[in-house]
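Notes follow the structure.
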Amino acid sequence: MNRTTLVDRIWERHLVEPGETDLIYIDLHLLHEVSSPQAFEALRSAGRVVRRPDLCVATADHQVPTLIDGGGGAPAVDAGGARQLLLQAGNCREAGIELHPLGSPGQGIVHVIGPQMGLTQPGMTIVCGDSHTATHGAFGAIAFGIGTSEVEHVLATQTLRTARPRTMAVTVEGTVRPGVTAKDLVLAVIARAGTRAGVGTLVEFRGAAIRALSMEGRMTVCNMAVEAGARSGLIAPDDTTFRYLEGRERSPRGRLWERALDHWRTLRSDDDAVFDREVTVDVSAIAPQVSWGTNPGQTTSVDAAVPDPSGMADPAERNAAERALEYMGLTPGTAMRDIPIDIVFIGSCTNSRMEDLRAAAEVLRGRRIASSVRALVVPGSALVKRQAEAEGLDRVFTAAGFEWRSPGCSMCVGINGDTVAPGLRCASTSNRNFEGRQGPGARTHLVSPETAAATALAGHLAAADDLV
Amino acid sequence: MKPLTALTGRGMPLARADVDTDQIIPAAWLKKTTRTGYGEGLFSQWRQDPSFITNRPERRGATILVAGPNFGCGSSREHAAWALRDFGFTAVVAPGFGDIFRNNLPNAGLVPAQVSADVAESLLRATTRDPYAEIMIDVVGRTLGCPAAGVAGAPFRLDDLAHHRLVNGLELLDLALSLGPSISAYERARAPWLPVGQAGSPGAGSPSRTGAVKAEGTEGT
Ligand code: SF4
C-alpha cells in the first residue's frame, strides 16, 4: 500500500468492524485505581464480565503514598485513596487481572511500568483511562487515553468504538545543543505549535532530532503530545526501539522475536504518505525551556524573560496570558532566572526514568540545594528505584538535600498528599502547569530534570550550564 | 439513558479559552468511586470567588454552558462530564472541545455542540448580556438557535456515534451486544507474539521471580 501513514497502517490491522465510527480491537488495556472503579461497578451491576483479563494490566499509582515503601500494611494517605486501592485489588482479583499493588516489586506509574516490562510493543493498540497513555506511542503503538465509560466498554468487549483520528506530522529537525533534553524539545514544539495544534489528530513525531533520542527521551516527547491537544503521539520504531525491547520480561523470544521484528520493521509511514496537517520545527538553536503560565504552551527559554501580554496581537491570547500571569504572580519583563523557587519535584510519567534520574544526579553530585528550597525525587517505578539505588543515585540525591521517595504519581497531580501549598512556586518535571494541578493555588514551572536539579541548587530558575 | 432529541435552556457563558478538566473538577474530587455526586466539585476552585458566574443568583437554573475554544482539554477524567451533569447542565456549546472530553460528555448524557467561532462569539455575547437568554438545541437535526443572539438554525458538529446514541438513548455498551462473533473472529487472527498479562502469579514483574527484567536505561549504550 502506498501513501499510507503509520497511524492508518496500525489502525487497519485493528479494525474489527469498519463503520461510520470504527470498532477497533485493543491489544492492551492498562488500568489504574482512579479511573476504573466506576467501570468495574457498572459491569458488575449489568451482570457482565471482563472479556480478556489477560489483556489487562493494573497498577496503583495516583493515590499511593511516597513516604513509605508500602507493603507490611502501610497506610494509604486517606480514606478515599485507601478505598480505591482496596476496590482495585478486589476488582482485579475477581476478574483475574494482573495487578501491581502498592509495595510490590513491579509497581509504578502505569506509563512507566508498561514499557519497562516490555508490554508496550510496536504496532499495538493500547488504552488506559488516563490521557498520558500517549507515552506508549514512543514504541510505534497507537496509545491513547479514554474516559471511564470507555474503560467499561473495553473491559467488556476488548474493543472500542471510535472515529479514526486524523493524522498530523510533526517533523523535528536539527541537532540540539548540549544540555538540551527531550523535555526541552517537546516544550519548545508545544510553545511554537500551540496547545490546540493537535486537536482531533494523532501526531507522528519524525525527523532527525527525534531519531537521535533514546527510548526514554521518545517517551517524554510522546507523553506530552496530549499537551499540544493531540489524542496521542507516536514514533515509528527503529533499531533504538528494538534494542530497548530485546530481552524484556514480556518481549517475544526466539522465533517469535524474529517474526515480531519482521513485522515491526514494516511499521512506518510511506515516504509519500499524506497527513492531514504538517508542522516542521527546527530545534538546533533552542535553550532549556521553562513554562511561565498555566498551560504548557506558555513556555519560553530559560534565557528569556516573562513575556508582556500587552505585546500580544491576538486578544484571546493576551487575555489568557494576563490571567496566567496573575495566577502565577509574575511581572512581565522579569528574567526567568530571577524567579525564586520554593519546591523542586523530579518525577511523573514524563521524567522519572533512569536517564532522568541519572541526569539530575549528575548536576547535583557533590553539591547542596539552596536552603530556601524543598526538593523531592520520586522514581517512576519500584524497578527504577531499585536500579537507581544500585547505582548509588539515591545517595547523591539525599546528600544534596533531596528527599528520596517511593514510586507513584505524587506531586504531578497531588492527590496522594504530596502537594504544593497555595502560592508556593514549584519547578516540576511533570507535564501540566494548570491552575491548581499540584494543589490548590500552586504555581508550577515545567522543566527538564537537569533544569530542576540546577534550580534546586540555585534557589531560582536556572540551567545546568549555569553551574560550571 | 432517555432519548434526547431536543432541548431548550438558558445559557451560561464562560468566556475562557483552554479550560482544562482540572479546572472543571479539581483532583481532590477524584477520591470518589461513584458516578454521581460531583455537582459541588464543578469549577470548585473558581467558585471560591463569589462573583464567579455560577455563584450569581440570576444565573441559577441555566442548563446550557456556553464555553470558549478547546473546552475540556487535559486529563481524561470523566468526572468532569459527571460534574457538569450533576450541577444541572444538559449541553455544552463551544467552538472546540478536548478530544477525550468530547467523547466523555455524551457518555454522561450531555450534548457536546461544536459551533463555529462566529456563532460561539454571538452566543457568548448574548448570554453575557442577558442571563435569561434561551438556547434551543435540535439534537436530531444538529442545529441550534438563540433569538437573543440573532442565531437561528446554526449547524453544530456532533460525532455520528454520539448523535446516534443521544437521539436513541443508547449506552455505549448497548451497541456492543451483537458483536461477540466478529470480535472472536478477530481474536483468532491476532499475532502470536503479542504480550499477555499474568494474573494470579504474585510478583509478576519482579526480577527475582522472572529473572528477565532488563536493567533500565541501558539500551543503546
Ligand atoms: S504521573 Fe501525572 S500525568 Fe502521569 S499518570 Fe500520574 S498523574 Fe497522570
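The values are calculated or read from the model by the stated rules, or taken from the named source; none is laboratory data. Everything numeric here is computed off the predicted structure, so don't read it as measured data. We place every Cβ from the backbone using ideal geometry, glycine too, and count neighbours over all the protein chains shown. Please note that ligands, DNA and RNA were not included when accessible areas were found on the heavy atoms of the full protein model with its side chains. Shrake-Rupley method; radii C 1.70, N 1.55, O 1.52, S 1.80 Å.
Out of A:132, A:136, I need the residue that is surrounded by 24 or more Cβ atoms within 10 Å (Cβ to Cβ), within 10 Å of another protein chain (Cβ to nearest Cβ), within 16 Å of the ligand (Cβ to nearest atom) and within 30 Å of residue A:256 (Cα to Cα). Which one?
Values: A:136 fails: within 10 Å of another protein chain (Cβ to nearest Cβ).
Only one candidate passes the filter, namely A:132.
Scanning the stretch B:97-119 for residues that are of a type in the set (Gly, Ala, Ser) and surrounded by fewer than 24 Cβ atoms within 10 Å (Cβ to Cβ) yields B:108, B:109, B:116, B:117. You will find that of A:316, A:324, A:335, A:320, the residue that is farther than 17 Å from residue A:373 by Cα, away from the ligand (no atom under 16 Å from the Cβ) and open to solvent by less than 10 Å² (accessible area, probe 1.4 Å) is A:324 and no other. Only residues that are open to solvent by less than 30 Å² (accessible area, probe 1.4 Å) and facing chain A (nearest Cβ under 8 Å) were counted across the stretch B:162-181, and they come to 4.
Okay, residues lined up against (1) within 11 Å of another protein chain (Cβ to nearest Cβ); (2) surrounded by 22 or more Cβ atoms within 10 Å (Cβ to Cβ):
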site	(1), (2)
A:41	yes, no
A:110	no, yes
A:120	yes, yes
A:150	yes, yes
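Reported count of residues in the stretch A:72-100, each being within 16 Å of the ligand (Cβ to nearest atom), at pLDDT 95 or above and outside any helix (DSSP H, G or I), is 1. Checking each residue in the stretch A:374-394 for being more than 19 Å from residue A:100 (Cβ to Cβ), in a loop (DSSP other than H, G, I, E, B) and among the small types (Gly, Ala, Ser) picks out only A:392. The sole residue among A:353, A:365, A:277, A:268 that is open to solvent by 20 Å² or more (accessible area, probe 1.4 Å), assigned by TED's automatic domain parsing to the domain that holds residue A:460 and either within 16 Å of the ligand (Cβ to nearest atom) or touching a residue at least 12 places away in the same chain (Cβ under 8 Å) (or both) is A:365. Would it be correct to say that residue B:144 is within 14 Å of chain A (Cβ to nearest Cβ) and either out of contact with any Cys (no Cβ under 8 Å at 6 or more places or on another chain) or within 28 Å of residue B:116 (Cβ to Cβ) (or both)? No: the conditions fail for residue B:144.
If you go through the stretch A:160-198 and keep only what is among the hydroxyl-bearing types (Ser, Thr, Tyr) and either within 22 Å of the chain's Cα centre (by Cα) or buried (at least 24 other Cβ atoms within 10 Å of the Cβ) (or both), you end up with A:167, A:171, A:181, A:195.
Kindly indicate whether residue A:296 is assigned to a loop (DSSP other than H, G, I, E, B) and buried (at least 23 other Cβ atoms within 10 Å of the Cβ). Here the answer is yes, as residue A:296 does meet what is asked. Of all residues being crowded, with 24+ Cβ neighbours inside 10 Å and assigned to a helix (DSSP H, G or I) in the stretch A:397-439, which is farthest from the ligand (Cβ to nearest atom)? Just the residue, please. Looking at residues that are crowded, with 24+ Cβ neighbours inside 10 Å and assigned to a helix (DSSP H, G or I), I get A:397. Pairs are defined by a Cβ separation below 6 Å, a sequence spacing of at least 6 or placement on different chains, a first member in the stretch A:90-101 that is in contact (Cβ under 8 Å) with a residue 24 or more places away in the chain and open to solvent by less than 30 Å² (accessible area, probe 1.4 Å), and a second member that is in a helix (DSSP H, G or I) and hydrophobic (A, V, I, L, M, F, W, C); the pairs so defined are A:91/A:40. For the stretch A:212-230, indicate whether the set of residues that are open to solvent by 30 Å² or more (accessible area, probe 1.4 Å), more than 13 Å from chain B (Cβ to nearest Cβ) and part of a helix (DSSP H, G or I) is non-empty. Looking through the stretch A:212-230, none of the residues is open to solvent by 30 Å² or more (accessible area, probe 1.4 Å), more than 13 Å from chain B (Cβ to nearest Cβ) and part of a helix (DSSP H, G or I).
Does residue A:380 fit the bill of being modelled with pLDDT of 95 or more and either crowded, with 24+ Cβ neighbours inside 10 Å or assigned by TED's automatic domain parsing to the domain that holds residue A:106 (or both)? Break it down into steps so the answer makes sense when it comes.
Numbers: modelled with pLDDT of 95 or more: yes; either crowded, with 24+ Cβ neighbours inside 10 Å or assigned by TED's automatic domain parsing to the domain that holds residue A:106 (or both): yes.
Answer is yes for this residue.
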